[in-house]
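Peer 1: Shown below is the structure under consideration.
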Amino acid sequence: MSPTVYYIIHVVSLLVLTGYTFYAFAAPADTRKKVMTVTGIASLLAVISGFGLISKVYANNFQGWMIVKMVCWLGLSALAGVGYRRRQKAKLFAAVALALAFVAVCMVYIKPF
C-alpha cells in the first residue's frame, strides 16, 4: 500500500477516536457498547496505519517522537472507557484528552527527538 493510503487511514481513524472519546464523556450510559466498539476499531486502525507509515516512510527506524505519539495513543484509547466509569471527572478527562491530542500533533510537526 502507498504511504498516502496509510496517512488517510491514520488521520481519519484518529479523528474518529478523538471524537468518540469526547462523546463518551457526555453520552448516556446505554451507548457504552457502541462507543467502545467504535473507539476500539478506530484505535486498532490508528496503530496499524501508524506502524505501516513507520515501515513505508521511515524504513522501521524508530525515533523518540514516535514513542511519544504511541504513549498519547494509549492514553487517548483508554480515556473513553474511563469516561463512562467516572462521570464526575469528565471535565478533567476532556482536558487530558485535549492535551494528549495536542502533544501528538506537535510531535508530528516538530519532531524534537
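The values are calculated or read from the model by the stated rules, or taken from the named source; none is laboratory data. Everything numeric in this text was worked out from a predicted model, so none of it was measured. Heads up, the Cβs are rebuilt from the backbone with ideal geometry, glycines too, and the neighbour counts pull from every protein chain shown. Remember, those area values only see protein heavy atoms, side chains included, never the ligands or the DNA or RNA. Shrake-Rupley method; radii C 1.70, N 1.55, O 1.52, S 1.80 Å.
Peer 1: Show the residue pairs that are 6+ apart or on different chains and have beta-carbon atoms under 8 Å apart, the first residue being within segment 36-56 and farther than 29 Å from ALA26 by Cα, the second being of a type in the set (Gly, Ala, Ser) and open to solvent by 10 Å² or more (accessible area, probe 1.4 Å).
Peer 2: Short answer, once both residue conditions are applied: LYS56/SER2.
Peer 1: Sticking with this one: Consider segment 24-35. How many of its residues are in contact (Cβ under 8 Å) with a residue 24 or more places away in the chain, of a type outside the set (Gly, Ala, Ser) and open to solvent by less than 70 Å² (accessible area, probe 1.4 Å)?
Peer 2: 2
Peer 1: Turning to a different aspect of this structure: Report whether or not ALA80 is within 20 Å of VAL105 (Cβ to Cβ), in contact with a helix residue (DSSP H, G or I) (Cβ under 8 Å, 6 or more places away or on another chain), outside any loop (DSSP other than H, G, I, E, B) and at pLDDT below 95.
Peer 2: yes
Peer 1: Enumerate the pairs (first residue in segment 69-88 and within 14 Å of ALA27 (Cβ to Cβ); second residue anywhere and hydrophobic (A, V, I, L, M, F, W, C) and open to solvent by 50 Å² or more (accessible area, probe 1.4 Å)) with beta-carbon separation below 7 Å, excluding pairs fewer than 6 apart on the same chain, so at least 6 apart or on different chains.
Peer 2: LEU79/VAL96; ALA80/MET36; GLY81/MET36; TYR84/ALA29
Peer 1: Quick check on segment 47-104: of everything there that is among the basic types (Lys, Arg) and under 19 Å from TYR23 (Cβ atoms), which residue is surrounded by the most Cβ atoms within 10 Å (Cβ to Cβ)? Step through it out loud before you land on a result.
Peer 2: Residues of segment 47-104 among the basic types (Lys, Arg): 56, 69, 85-87, 89, 91.
Still in the running and under 19 Å from TYR23 (Cβ atoms): 85-87, 89, 91.
Working: ARG85: 8, ARG86: 11, ARG87: 11, LYS89: 14, LYS91: 9.
Of everything passing the filter in segment 47-104, LYS89 is surrounded by the most Cβ atoms within 10 Å (Cβ to Cβ).
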